[in-house]
1. Which members of region 177-196 meet the condition of being of a type in the set (V, I, T) and not in a loop (DSSP other than H, G, I, E, B)?
2. Of everything in region 125-151 that's in contact with a helix residue (DSSP H, G or I) (Cβ under 9 Å, 6 or more places away or on another chain) and part of a helix (DSSP H, G or I), which residue is surrounded by the most Cβ atoms within 10 Å (Cβ to Cβ)?
3. Out of all the residues in region 37-51, is one or more assigned to a helix (DSSP H, G or I), at pLDDT below 85 and either at positive phi or more than 23 Å from the chain's Cα centre (by Cα) (or both)?
4. Quick one: which residue in L15, L77 is touching a helix residue (DSSP H, G or I) at 6+ places or on another chain (Cβ under 9 Å) and more than 27 Å from A166 (Cβ to Cβ)?
5. Just give me the residues in region 178-204 being touching a helix residue (DSSP H, G or I) at 6+ places or on another chain (Cβ under 9 Å) and farther than 27 Å from Q62 by Cβ, in sequence order.
6. Show the residue pairs that are 6+ apart or on different chains and have beta-carbon atoms under 6 Å apart, the first residue being within region 245-269 and loosely packed, with under 14 Cβ neighbours inside 10 Å, the second being acidic (D, E) and not in a loop (DSSP other than H, G, I, E, B).
7. Residues in region 197-214 that are over 16 Å from A251 (Cβ atoms) and assigned to a loop (DSSP other than H, G, I, E, B): how many?
8. Evaluate the following for H106: is it out of contact with any Ser or Thr (no Cβ under 7 Å at 6 or more places or on another chain), in the same structural domain as L125 (by TED's automatic domain parsing) and over 21 Å from V149 (Cα atoms)?
Amino acid sequence: MRSKHAAILKTCKFLASGGTKITRLPVDADGLVRPDGLLRALQSSVTVVSVMAANNVVGTIQPIEELAQFAKLHGVLFHTDAVQAGGKIPLDVNRLQVDLLSLSAHKLHGPKGVGALYFRKGTGLAPIIFGGGQERGLRSATENVAGIVGFGAAAELARKELNQEAARLAGLREYIATEVLRNFPNAYLYGHPTKRLPGHLSFGFRGQEREVGKLLDALDQAGVAVSAGSACSANHSGEPSGVLLAMGYDAESARGLIRVSLGRFSTQQEVDCFLDVLSSAVSTLSDTARSASLAGLTNPAEVAFA
């Protein structure tokens, strides 16, 4: 699937080089995997299905439970990359019926360099790293005990605070979205309008997509850290986002994304500061870009979710 993380895409590319057939599932304009696309793929000899629980670029949350049920009916293993979703939304492996689920500590305020793979009992796995036989023989190497303990502590905190924190972050996210759409007539949002991570918002400015670099520089100079796309695509920042291309955006729009990520320590004061700086930064963009953005709207007051 084109809207997956590079960690999965490059693994698939490696497998394909050895003769494994890779099928990419289509997504709709909101970034949701189409169940009918999965059902068609399952008619052939599929061994494993992998779908992100939540997309790292647009924040869309996938219907993992429904998709995993389809895979189970066809006797196919189902993996979900839940790195972005961990600590943000409930993840019950029994309810979701997934066979494999991957997590990363730093995405829920734990230490960097530590991850976890859940695999359902009976799921056949073979090691690719050999040595002393650690991790039940599946991943040999001396364990980072301090990092693992830190991951566990961070996960426990995230579990206890999940509902309260998700509601708080969703409130900040909606506040930003409302203010951006109200103050900038050419603004539009990427991703699903409601099925999205609580602290994730991606938007762009129609007609000003090529100016996104200037906006990011101005925000950075003011001490505000946002991004154009995902951290894993930093080495390809000039290229259109593969996620947005898969969602049906043209190359121009796929270059104009601004991603705002909120976390446990984000405050209303910081959000207000961001909006003030953003307003000042947008006002410095070229008159040509602003004129083009407004000319491209049939109704300048009408803005739709992408």
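1. Hits for region 177-196 are T178, V180.
2. F151
3. Checked region 37-51: no residue is assigned to a helix (DSSP H, G or I), at pLDDT below 85 and either at positive phi or more than 23 Å from the chain's Cα centre (by Cα) (or both).
4. L77
5. Across region 178-204, the qualifying residues are E179, N183, F184, P185, N186.
6. The qualifying pairs are E252/E209.
7. 3
8. no
The values are calculated or read from the model by the stated rules, or taken from the named source; none is laboratory data. In this text the structure is predicted, and so the values were computed from the model without any measurement. Virtual Cβ from ideal backbone geometry, glycine too; neighbours counted across all protein chains shown.
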